[in-house]
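The values are calculated or read from the model by the stated rules, or taken from the named source; none is laboratory data. Model, not experiment: these values are computed from the prediction. Don't worry about glycine lacking a Cβ; one is built from the backbone with ideal geometry, like all the others, and counts go over all protein chains shown. Remember, those area values only see protein heavy atoms, side chains included, never the ligands or the DNA or RNA. Shrake-Rupley method; radii C 1.70, N 1.55, O 1.52, S 1.80 Å.
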Amino acid sequence: MSNIANSKTEYFSLSSISGMVESMFNEKFGNKLFWITAEISSLHIHKGHCYISFIEKTKGTDEIKTEIKGIIWLQNYSRINYNFKTITGIEIKENTKILFLAKVSFDTKYGLNLIVEEIDPSYTIGQMLIERENVVRLLKEKGYYELNKNKDFPLVPQRIAVISAETSRGYEDFREKLLTNKYHYKFQIKLFQSLLQGEKAGEDMRNRLIEIFNEIHLFDIVVIVRGGGGNVNLTCFNNYRLAEAIARFPIPIITGIGHTANISVADEVAFKDCITPTDVSDFIITKCLEFDNKLMNIFEKIKTRFNEKMTNQLHKTDNQMSMLISSTNILIKKQLTFNDTQFIRFVNSANIIIAEQNNKIGLIVQKITDKIPNYIKERLSIINSQKLIFRPIISNFMEHKIKLLNNRLYALKAISDKIFTNNKRFTDDALIYITLNSKKIIEKAEKNMILTEEKIKILDPVNVLKRGYSITLKDGKNIKSADMLNEGDEVKTILFNGEVKSKII
Amino acid sequence: MGNQINYTDAQKELEQILKEIEIGDVDVDKLSEKVKRACALIRICKEKLKNTDDEIKKILEEFNQENK
């Protein structure tokens with residue numbers, strides 16, 4: 001090498017130099033294969049061949065330390081690419097860290113190139129995971145990680161901002177399922193169109209979130225949905241800036257971006273990861289249904305309690321009513337008994353009054369009855385005292401008269417009794433009646449007495465004697481026939497004036 | 001957010017009413033008032049929740065029939 005450097009006069013063609021380099025490369029590397037790790041900084045396909053720029057950055061500073069070009073020839077590219085895509089879910093693209101098997105080749109025309117024979121996708125997966133973990137770690141360090149998860153989910157998520165693409169199958173599915181829900185819940189959906197895959201998708205979605213944030217009062221939740229197509233580049237959902245925006249968003253965000261193996265950071269920090277767009281719809285409908293059921297549950301409970309209370313109240317009222325009725329009955333009974341007692345008392349008093357009246361009547365009757373015989377007796381005694389001797393003669397007559405009087409008296413008494421008994425209630429009237437009648441009867445009796453007296457007077461033997469007749473008595477008996485006398489009998493002859501005792505000869 | 005506050009408030013009020021009815025010794029007049037209020041709240045929520053108010057009509061009819 002020093003030879004070349006020192007001989008300044010000697011000229012070399014470019015090709016001879018490159019040829020020398022080529023021979024050195026062939027000598028050093030030959031067809032040797034190396035497993036190399038590098039990041040793809042740029043990539044382009046030309047005529048089916050894949051031209052890549054590999055770089056290596058200084059750790060921490062991101063400064064490019066080394067850059068080497070590489071090629072995947074057409075005959076390898078489709079196989080390698082297919083394999084890589086299948087396993088990692090992403091295309092071979094910029095910013096991807098790969099582990100690849102390559103020949104180090106120097107071509108006189110194309111210079112230094114790494115001829116890629118194979119790519120190991122698992123390394124890329126690992127690198128992606130590391131990157132993803134870094135994003136998560138950073139979110140946790142900053143305290144954003146749990147923010148959206150801890151948001152209160154609205155009772156009824158009816159106003160929905162959707163980040164998706166109108167042409168996206170996922171958006172179509174989400175919308176269809178939500179709007180045709182069998183419970184007829186109504187929803188307002190506003191679509192915010194965004195890229196959903198590729199390098200720029202993360203930033204685009206973040207910008208949509210900012211737009212939604214500007215009219216946040218119009219929405220209950222944000223939904224991010226995409227769908228259709230299998231293994232596409234979803235690394236945008238691991239984008240730190242998007243993940244941070246989701247995590248810090250003031251209302252819950254639900255994702256349905258259809259991941260397969262590993263969930264994205266966006267899914268992880270969102271309020272809820274539903275995987276598929278239709279699951280997002282189901283989730284939202286279920287939330288509405290939960291609230292609806294809660295309402296119905298409360299309604300049923302209130303209804304049950306209300307009915308119970310009303311029934312109780314009815315029973316209470318019934319009880320009160322029956323109590324009232326029974327107390328009323330008792331009262332009425334008491335009142336009735338009272339009335340009965342009063343009545344009895346009244347009747348008793350009435351009876352007493354009647355009895356009193358009766359007694360009075362009795363007394364009067366007694367007086368009357370007393371008086372009548374007294375009168376008669378008086379009269380009789382007068383007669384007797386005056387005309388005692390004629391008694392035997394008139395006694396029969398008198399007795400008869402007395403009997404008559406007595407009978408009348410009894411009849412009177414009976415009538416009075418009858419009247420009194422029959423007319424207890426009209427005692428006063430009866431009394432007056434009786435009194436009046438008694439007077440009449442007594443008067444009549446008196447009249448009769450006088451008549452009798454006069455008759456007696458007419459019959460009075462004194463009057464006969466006055467006329468010169470005499471009465472002859474033997475042993476007190478008047479002699480009406482001479483046969484009644486025997487010789488030697490002593491007789492008494494009563495004259496108008498004096499008596500004569502004589503002896504039958 | 002207005003909508004949401006109403007749902008939350010409605011639910012809170014409903015739960016409060018339920019609590020009062022379940023625990024409290026609410027007299028019948030007040031009870032009726034509370035139940036009416038609860039029905040109104042449920043009706044508002046149901047109307048907001050659904051496209052049709054048939055359901056609400058049904059609820060109210062049902063309630064009215066059962067408690068006549």
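Counted over all Cα-Cα pairs of region A:13-131, pairs farther apart than 24 Å make up 29 percent. The local environment of A:Ser78, defined by Cβ-Cβ distances under 15 Å, has a net charge of 0 under the rule Lys, Arg +1 and Asp, Glu -1.
Only the Cβ atoms of Lys and Arg (+1) and of Asp and Glu (-1) were treated as charged; on that basis the dipole of region A:39-139 about its Cα centre amounts to roughly 140 debye. Within a Cβ distance under 14 Å of A:Thr124, other residues only, what is the Lys/Arg minus Asp/Glu net charge? It works out to a net charge of -2. All other residues whose Cβ lies under 13 angstrom from that of A:Ala245 are scored, Lys and Arg at +1 and Asp and Glu at -1, for a net of +1.
Neighbouring Cβ atoms from other chains, within 10 Å of the Cβ of residues in A:290-299, number 5 on average. Averaged over peptide A:153-165, the number of partner chain Cβ atoms lying within 10 Å of each residue's Cβ comes to 3.
Of the accessible area of region A:145-282, with the probe set at 1.4 angstrom, what percent is carbon plus sulfur? That fraction is 49 percent. When every Cα-Cα distance of region A:144-275 is counted in 5 angstrom steps from zero, the calculated P(r) takes the values 2, 12, 22, 26, 21, 12, 5, 1, 0 percent. Centre-to-centre, using Cα atoms only, region A:107-158 and region A:166-202 are separated by 25 Å.
Summed for both chains, how many Å² of accessible area, to the nearest 100, are buried between B and A with a 1.4 Å probe?
3000 Å²
Keeping all protein chains in position, work out how much accessible area A:Trp73 exposes to a 1.4 Å probe, and write it in Å² to the nearest 10. The accessible area comes out at roughly 80 Å².
In terms of accessible area, using a 1.4 Å probe and ignoring ligands and nucleic acids, A:Arg467, A:Arg226 rank largest first as A:Arg467, A:Arg226. Per-residue accessible area (protein heavy atoms, 1.4 Å probe) orders A:Met20, A:Met128 as A:Met20, A:Met128, starting from the largest.
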